[in-house]
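Structure first, commentary second.
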Amino acid sequence: MSLFGSSVVILLAFLYWATAGYMARQTEATLETEIRGLSEQYRTRGLAGLTRAITHRSKDPSKTPEVYLLTDSRFVPLVGNLGHWPADASDRSPWLRFKLPDIDAHPILAHQFELRGGFHLLVGRDLHELEQIQRLILKALGSGLAVTILLAVTGAVVMSRGVLRRIETINQASHAMVNGDLSRRIPTQGTDDDFDQLAENLN
């Protein structure tokens, strides 16, 4: 039973990794693609081209979960839909997780990048929808685990009762035979399992 339970937990953990984990990895890949594209805009079209691209993307309705910010070397905002550079940003990692100081602020995953000339570029995504989906997946997997355990326990109880009934039938018939009732026979179920073979041998 414990082996079965462990197998189910491992399977559900894999399903979570394959769904919610895949979505998280896709989010990171999207941000990396965005920041590479904007870096290329800066390389080919300069600061003016990059500013136009960020302004356009910041106002694009299809990119509403996206966060953009371009600052100078002193992190003074130049363009974007983020008011300021995250206060807890670290230069050691390109990835940032932060919340805006707003009421009920959503968590944001962002990728930071330093451009030639000392400019700092940040591209992020609101994780609220992703976390909601992950919670729904966890809830569904938890419900699935509960149902699986319930069915397993129910099946084990039914099987154990059936085994106990057959054992009791064999015990009663054997006791009768020992007491001299040689006409007594142990019924078989035609399954040719261990109990049927034992019954045939005793008969």
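Details
- Ordering of 117-128, 134-145 by burial proxy (mean other Cβ atoms within 10 Å per residue, highest first): 117-128, 134-145
- Between the amide H of N81 and those of Y68, distances stay under 5 Å, these residues lying 5 or more places away or on another chain, with hydrogens modeled in the peptide plane.
- In nm, spacing of pseudo-spin labels at D72 and R135 (7 Å Cα→C-beta vector): 4.2
- Fully extending the segment from F14 to I170 would add 51.7 nm, taking 0.36 nm per residue of separation and subtracting the current Cα-Cα distance.
- Under Karplus coefficients 6.51, -1.76 and 1.60, residue-wise ³J(HN,Hα) of region 22-33 in Hz, glycine/proline x: 5, 5, 5, 5, 5, 4, 5, 5, 5, 5, 4, 5
- With a Förster radius of 30 Å applied to the beta-carbon distance between K59 and R36, the computed FRET efficiency rounds to 0.90.
- A straight chain from F113 to I149 at 0.36 nm per residue would run longer than the Cα-Cα distance by 8.1 nm.
All of the numbers you see were taken from the coordinates with simple rules; none came from a lab. As the structure is a computational prediction, the values presented were derived from the model and not from experiment. Reconstructed Cβ throughout: ideal geometry from the backbone, glycine too, with neighbour counts over all protein chains shown.
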